[in-house]
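Following: one structure in structure tokens, then a few remarks.
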Amino acid sequence: MIAGVVGATGYAGAELVRLLSGHGKIDRLVLSSVSFEGGHIEDVYPNFLGRISMSLGKAEDVIAAAGVVFSALPHGVGEPYAHTCFEKGIPFIDLSADFRFGNDEAAFSAWYGKPYTYPKLRDHTVYGLPELNRNRIKELASSGKVIIGNPGCYPTGASLGAFPALAKGLPAGGTTIVIDSISGVSGGGREPSRSFHFPECADAVSPYKVGSHRHTPEIARNFAAMSGNENSPAIIFTPHLAPMNRGILSTIYIPLSAQWRAASTETAIRPPSNEIEQQTAAIRALYTDFYRNEPFVRVLPEGVTAATNRVRQSNYCDISVHLDHSGSTLIVCTAIDNMVKGAAGQAIQNMNIIFDYEERTGLEHIPALF
């Protein structure tokens, strides 16, 4: 199999190159870059020296040679390439937001400021969160023409943390779920901006795009898909920038229905009761059962809390389950590597599903703790 990467010199593109180069089913890579066309990938990323040496050509040449194409281009740029791949019957896996909203062009245009160029492509598009849409990915792949809208990094961690609770009806009716997420600066991409300039972001954690981040509707759509549109809770999502390179930690607050609240008379000045510990264990068991067949979701045991350093350079999503002191609110913490499960790794997971490879192929790395 020849895999092509369009936009190979951005952070997500380079991560695709790194991971695909060790994939047992990939014989060769073909790469393109507008900014560095005519150069070599190892000149842009010297960490590849002695291991990966590949020239950077045009996107058209990549599509002509490849059996699967990954697009790591900015939002609103990749549709023409997707159209070409569709016409040729080549699976197209897009890491931008261009194909995440399906046929809801109004939502995409409202949040990304651009209409669809090829609206009909959405009839052959699937949102590529395997834990939500694995069967649909396989179904479209069997038709011979498939376009994957790879999920955003924030929605991946937030959605996986809430899915079991939503599927099993844990949230109270009419409730609002609050999501606080902290990301490393690589999430801002390779092109520098003032907010990602070292003096601006070092030694500080700061919220940004409060109340208006464009991953909000993507998270809301995922919650609705898992819980059913009529029962879908409202959400408040606030992202934060942290002075680290990689990783996203999300803390998700889910008010529980009366059925799932722990019986407790505790107050804020007393420690959690045995009832709360027992109910936490019951919900943790529910989460463990929900994800029992998922190769990249790890529900952590009691006493272990999700942390970004334990998933670094891996495709895992770690989940820890907690209750607040009163037993009325479920607190779920998730950790992913934003460049792997939040981008390149999840894209490769989707490729494995499309071609019926073992889903872990090329993604079995043990997380790098340091």
Quiz item: Rounded if a/c is under 1.5, else prolate if a/b is larger than b/c, else oblate: which is the stretch 1-76, with a ≥ b ≥ c the root eigenvalues of its Cα gyration tensor?
Solution: rounded
Practice problem: Would you mind checking Lys209/Lys341; Lys114/Lys209; Lys120/Lys209; Lys88/Lys114; Lys25/Lys341; Lys138/Lys168 for any pair whose Cα atoms are more than 30 angstrom apart? | Solution: Lys120/Lys209
Quiz item: Which helices count as membrane-span-like in the chain under these terms: full DSSP H, at least 18 Å along the axis by C-alpha, Kyte-Doolittle mean of -0.5 or more?
Solution: 153-167, 274-290
Quiz item: Can you give the Rg to Rh ratio for the chain, taking only C-alpha atoms and Rh from Kirkwood?
Solution: 0.98
Quiz item: If r is the Cβ-Cβ distance from Lys138 to Ala202 and R0 is 45 Å, what FRET efficiency results, to the nearest 0.05?
Solution: 0.50
Quiz item: From the square roots a ≥ b ≥ c of the eigenvalues of the alpha-carbon gyration tensor of the stretch 96-163, which class results: rounded (a/c under 1.5), prolate (a/b over b/c), or oblate?
Solution: oblate
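Please give the charge dipole size of the stretch 272-370, origin at the Cα centre, charges +1 on K and R Cβ atoms and -1 on D and E Cβ atoms. Round to the nearest 20 debye.
Numbers: 7 positive and 12 negative charges, 50 e Å.
Computed charge dipole of the stretch 272-370: roughly 240 debye.
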Quiz item: Remind me, relative contact order of the stretch 314-370 in percent, using alpha carbon pairs under 8 angstrom and six or more residues apart?
Solution: 35
Quiz item: Would you list Arg292, Arg51, Arg28 from the most to the least accessible area, probe 1.4 Å?
Solution: Arg51, Arg292, Arg28
Quiz item: Between Ala106 and Arg360, 0.36 nm times their residue separation minus their Cα-Cα distance comes to what?
Solution: 87.9 nm
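Ordered by packing density, taken as the mean number of other Cβ atoms within 10 Å over each peptide's residues, highest first, how do 239-251, 336-348, 93-105 rank?
336-348, 93-105, 239-251
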Quiz item: Can you give the accessible area per residue of the chain, in Å², using a 1.4 Å probe?
Solution: 43
Self-check item: Whole-percent carbon and sulfur share, accessible surface of the chain, 1.4 Å
Solution: 50
Self-check item: Total formal charge among the other residues, if their Cβ is under 14 angstrom from that of Cys333, Lys/Arg +1 and Asp/Glu -1
Solution: -1
Quiz item: Dipole size in debye (nearest 20) for the chain around its Cα centre, Lys and Arg Cβ +1, Asp and Glu Cβ -1?
Solution: 100
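Roughly speaking, what is the stretch gain from Asp27 to Glu42, that is 0.36 nm per residue apart minus the C-alpha to C-alpha distance, in nm to one decimal? Don't jump to the answer; show the numbers that get you there.
Working: separation 15, 0.36 × 15 = 5.40 nm, distance 1.87 nm.
The Asp27-Glu42 span can extend by a further 3.5 nm.
Given contacts defined as C-alpha pairs under 8 Å and at least six residues apart, what's the relative contact order of the chain, whole-number percent? Could you put the intermediate results ahead of the total?
Numbers: 814 pairs, mean separation 62.4, N = 370.
Worked out over the chain, it gives 17 percent.
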Quiz prompt | Residue-averaged [θ]222 nm for the chain, counting only DSSP H segments that reach four residues, each worth -39500 (n - 2.57) | solution = -8500 deg cm²/dmol
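The values are calculated or read from the model by the stated rules, or taken from the named source; none is laboratory data. Since this is a predicted model, take the numbers as computed values, not measurements. So basically every Cβ, Gly included, is an ideal-geometry build from the backbone, and we count neighbours across all protein chains shown. Just the protein is used for accessible areas: all its heavy atoms, side chains included, with ligands, DNA and RNA removed. Shrake-Rupley method; radii C 1.70, N 1.55, O 1.52, S 1.80 Å.
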